[in-house]
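S.K.: This is the structure I want to talk about, given as structure tokens.
The values are calculated or read from the model by the stated rules, or taken from the named source; none is laboratory data. These numbers come from a predicted model, not from an experiment. When we count neighbours, we look across all protein chains shown, and the Cβ atoms used for this are built from the backbone with ideal geometry, even at glycine.
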Amino acid sequence: MVAFPLGVVAVVAAGPMAFTENGPTPGTPMKSEEPRVERLYRDGGRVVGSPILDLQAAERACPNGHQLRSQETRADGSKVYLVWTLRCR
């Protein structure tokens, strides 16, 4: 039988949970180098949001400033979300 230090077991067990919690804005991981900001764009085929990054949400995710890394879409049933990946400074 191999004995593991308690700290190693705790880190291994808690590791996956850190990335499943929501951070300061919905869809923003809590412990990430590159937080994500999402905005509902289409619902049932109708455009319901603007395709512009919400700067207030970006400021909450990166209080010291951000750089836009990528933009993509995510579908959830009939809803389409625009997703921006940021890099905090």
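S.K.: Given the conditions (1) surrounded by 12 or more Cβ atoms within 10 Å (Cβ to Cβ); (2) at pLDDT 90 or above; (3) of a type in the set (D, E), and given that E72 satisfies all but one, which numbered condition is not satisfied?
M.R.: Result: E72 fails condition (1) only.
S.K.: Now, a different point. Right, T25: modelled with pLDDT under 90 and either assigned to a strand (DSSP E or B) or surrounded by 10 or more Cβ atoms within 10 Å (Cβ to Cβ) (or both) or not?
M.R.: Yes.
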